[in-house]
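**Q** I am attaching a structure below and will ask some questions about it afterwards.
The values are calculated or read from the model by the stated rules, or taken from the named source; none is laboratory data. Predicted model only: the values in this text are computed from it and were never measured. Cβ placement follows ideal geometry from the backbone for every residue including glycine, while neighbour counts extend to all protein chains displayed. With ligands, DNA and RNA removed, areas are computed over all heavy atoms of the protein, side chains included. Shrake-Rupley method; radii C 1.70, N 1.55, O 1.52, S 1.80 Å.
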Amino acid sequence: MRSKVTVVGAGNVGATTAQRIHQLGYADVVLVDVVEDLPQGKSLDMLESGPVIGSDALITGANGYEETAGSDMVVITAGIARRPGMSRDDLLLTNMRITSAVTSEIVRHSPDTIILAVTNPLDAMVQNVYETAGLPRSRVFGMAGVLDTARYRTFIAQELNVSVDDVQALVLGGHGDDMVPLVRYTTVGCIPLTELLSQERIDSIVRRTRDGGGEIVALLKQGSAFYAPSAAITQMVEAVLLDKKRILPGCAYLQGEYGINGLCVGVPVKIGAGGMEQVLEISLTDAEQAALQSSAASVQELVDVMAKARAEAG
Ligand code: APR
């Protein structure tokens, strides 16, 4: 029997994600959006690609949640995207309201599901979805680190003229300008990156990685990145559906790990059939730990703004 995956938000990220998952062939997809007929139209178009790409999986569109009932996994991409000049944080309160409403509906119809949140500002939205869902932390986590490391790995592979397959890397912290690419844990064919590139070149790649989302926003003029994000989401979805036990960077609700308690930030996690099955704690230098703390503090600021807005709304 095929798995069932719901993707909420049929915009650039959601629709591209639905397409990638449908193409896998072993999961049926329900694509949900508030815009009438949009998810139905996109889904039908994708379904009709089945005979060509060799996928028997079903994909349907919906404006409500009845059709999502019993989903094994739900990806939340609903929200507004960044425009040039906007930071991810500018999206905060609008996307908080949207992701809260979406989460309540999802959990009502699929109480046993695993939720992967993608809406920005990522870490704050994962926190909001986690708190709204009331599910164990293993079943609510977020995608950002896989995307950030994909960007970082791309730039390193380009710089060294090597295969992207051979670049292994880890990015910690929030999905913001103060994310923490861990240079010390970056290897190319098992060789530490520091053996292969000067500190100056590494610093420049780290900077470009941090600004990676903004670089795309500036080029697109409207909307934000979606090809690499949807690829990263699909890798995490596949890790759950196939119980792959992948070790990937993911945004998880920390309970004391890395000295952080009660906050969602990016750390290395194990992803399998149980969702976010484990947080891996690796040793950090004082400087790395300080950078992670500073990144977590930025996330905490957004979480505080959300709490204040909720209190004011009663
Ligand atoms: N329920 C369902 N869908 C919604 C809701 C809602 N309450 N509110 C908005 N949407 C839908 C919009 O109608 C739109 O189709 O979410 C979709 C968002 O699509 P885009 O504007 O194309 O944005 P996208 O590029 O897909 O990014 C979505 O992911 O990476 C993040 O920063 C990005 O927060 C943004 C999100």
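**Q** Residue 207 to residue 80: extension gain in nm, 0.36 nm per residue of separation minus the Cα-Cα distance? Walk me through the numbers on the way to the answer.
**A** Numbers: separation 127, 0.36 × 127 = 45.72 nm, distance 2.56 nm.
Working it through step by step, the gained length comes to 43.2 nm.
**Q** If you place +1 on the Cβ of every Lys and Arg, -1 on the Cβ of every Asp and Glu, and leave all else neutral, what size is the dipole of the chain about its Cα centre, to the nearest 20 Debye? Intermediate values should be presented prior to the final figure.
**A** Working: 25 positive and 37 negative charges, 14 e Å.
Its charge dipole is roughly 60 debye.
**Q** Run the quick spin-label model on residue 34 and residue 2: label points 7 Å from Cα toward the beta carbon, then report their separation in nm to one decimal.
**A** It works out to 2.9 nm between the two label points.
**Q** Please list 82, 207, 108, 310 in order of solvent-accessible area, largest first, computed with a 1.4 Å probe with all protein chains present.
**A** On the way: 82 30, 207 140, 108 165, 310 90 Å².
The most accessible residue leads, giving 108, 207, 310, 82.
**Q** Oh, and also: So for segment 145-304, taking the charge dipole from beta-carbon charges (+1 Lys/Arg, -1 Asp/Glu), which of 269, 174, 241 sits furthest toward the positive end?
**A** 241
**Q** Before I look further, what does the chain give for accessible area per residue, probe 1.4 Å, in whole square angstrom? Spell out each step's value before the answer.
**A** Numbers: 13730 Å² over 314 residues.
On a per-residue basis, the chain sits at 44 Å².
**Q** If you fit an axis through the alpha-carbon atoms of helix 227-241 and take the longest principal axis of the Cα set of the chain, what angle between them do you get, 0 to 90°, nearest 10?
**A** 70
**Q** Same structure, new question: For the modelled label position 7 Å from the Cα of residue 87 along Cα-to-Cβ, which residues of segment 119-151 have backbone nitrogen atoms closer than 16 Å?
**A** 120-125
**Q** Among 106, 98, 76, which one shows the biggest mean-square fluctuation in a GNM of the chain, springs joining Cα atoms closer than 10 Å?
**A** 98
**Q** Note the full-extension length gain between residue 294 and residue 49 as 0.36 nm times their separation in residues minus their Cα-Cα distance, in nm to one decimal. Can you show the working numbers first?
**A** Working: separation 245, 0.36 × 245 = 88.20 nm, distance 4.61 nm.
Extending this stretch completely gives an extra 83.6 nm.
**Q** Next up: Could you run the Karplus curve 6.51 cos²θ - 1.76 cosθ + 1.60 with θ = phi - 60° over segment 46-58 and give me ³J(HN,Hα) per residue in whole Hz, x for Gly and Pro?
**A** Running phi through 6.51 cos²θ - 1.76 cosθ + 1.60 with θ = phi - 60° gives 5, 4, 6, 7, x, x, 7, 8, x, 10, 8, 5, 8 Hz.
**Q** Give the calculated FRET efficiency between residue 215 and residue 69 to the nearest 0.05, with a Förster radius of 45 Å applied to their Cβ-Cβ distance. Let's see the in-between values first.
**A** On the way: r = 40 Å, r/R0 = 0.88.
About 0.70, to the nearest 0.05.
**Q** Within 12 Å, Cβ to Cβ, of residue 217, how many net charges do the neighbouring residues add up to if Lys/Arg are +1 and Asp/Glu are -1? Provide the component values of the computation, followed by the final result.
**A** Working: positive: 82, 83, 88, 221; negative: 90, 211, 215.
Surrounding charge for residue 217 is +1.
**Q** With a 10 Å cut-off between alpha carbons and a GNM built on the chain, which of 57, 18, 78 moves the most?
**A** In the Gaussian network model the winner is 57.
**Q** Let me ask another. For the chain, what mean projected area does the convex hull of the alpha carbons give, in nm²?
**A** Working: hull surface 64.5 nm².
Seen from a random direction, the Cα hull of the chain projects 16.1 nm² on average.
**Q** Can you divide the C-alpha Rg of segment 145-304 by 2.2 N^0.38 Å and report the result to two decimal places? List each step's numbers first, then the result.
**A** Working: Rg = 15.5 Å, N = 160, 2.2 N^0.38 = 15.1 Å.
My calculation over the Cα atoms of segment 145-304 gives 1.03.
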